[in-house]
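Values quoted throughout were computed directly from the atomic coordinates according to the rules given, and no laboratory measurement underlies them. These figures come from a predicted structure and were not determined experimentally. Here Cβ is always computed from backbone atoms with ideal geometry, including for glycine, and neighbour counts include all displayed protein chains.
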Amino acid sequence: MARLELNNLHAEVADGDEKILEGVDLEVQSGEIHALMGPNGSGKSTTAKVIAGHPAYEITEGEVLLHLEENEFGDEVEIDEDQRTWDLLDLEPNERAALGIFLGFQYPAEIEGVTMTNFLRTALNAKIEEREELFEEEEGDEEEEDEGFETSPMEGDVDEGEVGVAEFQQILQEKMEQLDMDEKFAQRYLNAGFSGGEKKQNEVLQAAILEPSIAVLDEIDSGLDIDRLQDVSEGINALRDEQGTGILQITHYQRILDYVEPDHVHVMLDGQIAKSGGPELAEKLEDKGYDWVREDVYGTA
Ligand code: ADP
Ligand code: MG
Ligand code: MG
């Protein structure tokens, strides 16, 4: 059980002084689905990017904490008592990812000659290796390692602790079945000619492979037709149901919430969470729009 906690988070653009987030408070824990809604420009994507550690933003106040449990990563990693709370603002994006934070990149670059399979296995192994380093470092136990020859991570050499090609094929197959995805997908080259819907499905597949504790999905529903929306929604539900991932689902529209039913709904306005509630809040927004929240909070639309 992991818990992500944003306390009074203020952020502005790193190379300017435009304030974007002005005191965000939010908690998401494993197994929960939170919908983060709000009008365009209210700060939803910035919240996502700040959680992941995007360099475009400077944090001027507040904190982002990740609380882990002793057995967070099964038997793979032993977590000491003093390693159970992490200040994410002190960590690099890849370190945050290794601790179980997932932010789907909306449009990963097309990389010639790299199949989805290779890409995903590389990402998984990078996470495993980073995680080992994080927990070793904290223990102050810096063993000399025989690095061997530097090889490209795409070449498929298997180091100790890494997931090898055959093992990965099994994991991939299982996850793709779980997501009801076509097997041929994995043989395709990274993003080459992927449709909008396939990119979104791919984002869910990445999350299924990396098994994050908390996944932030930013407008994964945008531009999907109804069939694809249902597929993607089933995938998101499976992340929660099969591996206990906590979901922060950012969406402008209520529609996906018919398929991915949130436990909590938050409305962001002007860089703050202006209102929180249950699924009924999303339905009220559908009927009455965001102006109603604005009136409620500020007394004027
Ligand atoms: P949302 O996802 O809710 O539509 P964003 O978080 O993308 O909103 O943006 C919130 C506000 O911050 C917008 O006014 C946007 O123009 C501004 N903003 C976000 N990122 C940057 C940036 N890197 N540089 C300048 N302005 C930004
Ligand atoms: Mg708090
Ligand atoms: Mg956005």
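Computed about its Cα centre, the charge dipole of the chain is approximately 2320 debye, with only Lys, Arg, Asp and Glu carrying charge at their Cβ.
For Ala11, the residues whose amide H sits under 5 Å from its own are Ile20, Leu21, Glu22, Gly23, Thr60, ignoring neighbours fewer than 5 places away on the same chain, with H placed 1.01 Å from N. Using a ≥ b ≥ c from the Cα gyration tensor of the range 1-127 (square roots of the eigenvalues), is it rounded, prolate or oblate, where a/c under 1.5 gives rounded and otherwise the larger of a/b and b/c decides, a/b for prolate? In terms of gyration-tensor shape, oblate. Summed over qualifying helices (DSSP H, 4 residues or more, each -39500 (n - 2.57)) and divided by its residue number, the chain shows a 222 nm mean residue ellipticity of -11000 deg cm²/dmol.
Considering only Ala166, Gln201, Gln178, and ranking their Cα positions along the charge dipole of the range 157-207 that arises from unit charges at the beta-carbon of Lys, Arg, Asp and Glu, the one farthest toward the positive end is Gln201. Here the peptides 52-61, 216-225 are ranked by packing, the mean other Cβ count within 10 Å, and the order with the highest first is 216-225, 52-61.
Given the chain, what whole percent of its Cα pairs are spread farther than 24 Å? Summing the P(r) of the chain above 24 Å gives 54 percent of all pairs.
Beta bridges per DSSP, both residues in the chain: antiparallel share near 60 percent. For the peptides 75-88, 202-215, 257-270, residues were scored by their other Cβ atoms within 10 Å and the scores averaged per peptide; the highest-first order is 202-215, 257-270, 75-88. Taken one residue at a time, the phi angles of the range 266-278 give Karplus couplings (6.51, -1.76, 1.60, θ = phi - 60°) of 10, 10, 9, 9, 6, x, 9, 7, 8, 7, 10, x, x Hz. Gly and Pro are set to x. In terms of the Cα gyration tensor, with a ≥ b ≥ c the square roots of its eigenvalues, is the range 221-301 rounded because a/c is under 1.5, prolate because a/b exceeds b/c, or oblate? Prolate. Taking a ≥ b ≥ c as the square roots of the eigenvalues of the alpha-carbon gyration tensor, the range 162-218 is classed oblate because a/c is 1.5 or more while a/b is no larger than b/c.
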